[in-house]
Amino acid sequence: MSRACSVPRRRLRQLFQRGRISLVIGFTSLTVSLFLGDILARLLGQQGVGEIVRESLLVGGWVAMWRPLEVFRTTGGRTEPTADSRTG
């Protein structure tokens, strides 16, 4: 395999490694935000402020998952990083 061909493969491998680490961090954040949101909603009451806090934490958890999911969505099966996966 030529050196020119191995550079994109190495970059893609690094991107997926970073994506897997980010996915673990994002999934952990989502899990904690869901758990914390439910606890706070029970403490503050299911109506009003408790519901707003729970929904806010839910949105925050999904935002934490955004980049990891984007890495796997934009590179799905390609052997070279695309312009989309190189940005950000």
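The numbers here are math on the coordinates, done by the rules we state, and not lab data. Owing to the predicted nature of the structure, the values given are computational and were not obtained by experimental measurement. Please note: Cβ atoms are built from the backbone with ideal geometry, for glycine as well, and neighbour counts cover all protein chains shown.
Each of Gln17 and Leu58 was given a label point 7 Å from its Cα along the Cα-to-Cβ line. The distance between the two points is 3.8 nm. Taking a Cβ cut-off of under 12 Å around Arg18, the surrounding Lys, Arg, Asp and Glu residues balance to a net charge of +3, with basic ones at +1 and acidic ones at -1. The 3J(HN,Hα) values that the Karplus relation (6.51, -1.76, 1.60; θ = phi - 60°) gives for segment 7-19 are, in residue order, 5, x, 5, 5, 4, 5, 4, 5, 4, 5, 5, 4, x Hz. Gly and Pro appear as x. A simple rule links phi to the HN-Hα coupling: the Karplus curve 6.51 cos²θ - 1.76 cosθ + 1.60 with θ = phi - 60°, which for segment 37-44 gives x, 5, 4, 5, 5, 5, 5, 8 Hz, with x for Gly and Pro. Using a cutoff of 8 angstrom between alpha carbon atoms and counting only pairs six or more residues apart, the relative contact order for segment 3-75 works out to 41 percent.
Computed about its Cα centre, the charge dipole of segment 3-75 is approximately 860 debye, with only Lys, Arg, Asp and Glu carrying charge at their Cβ.
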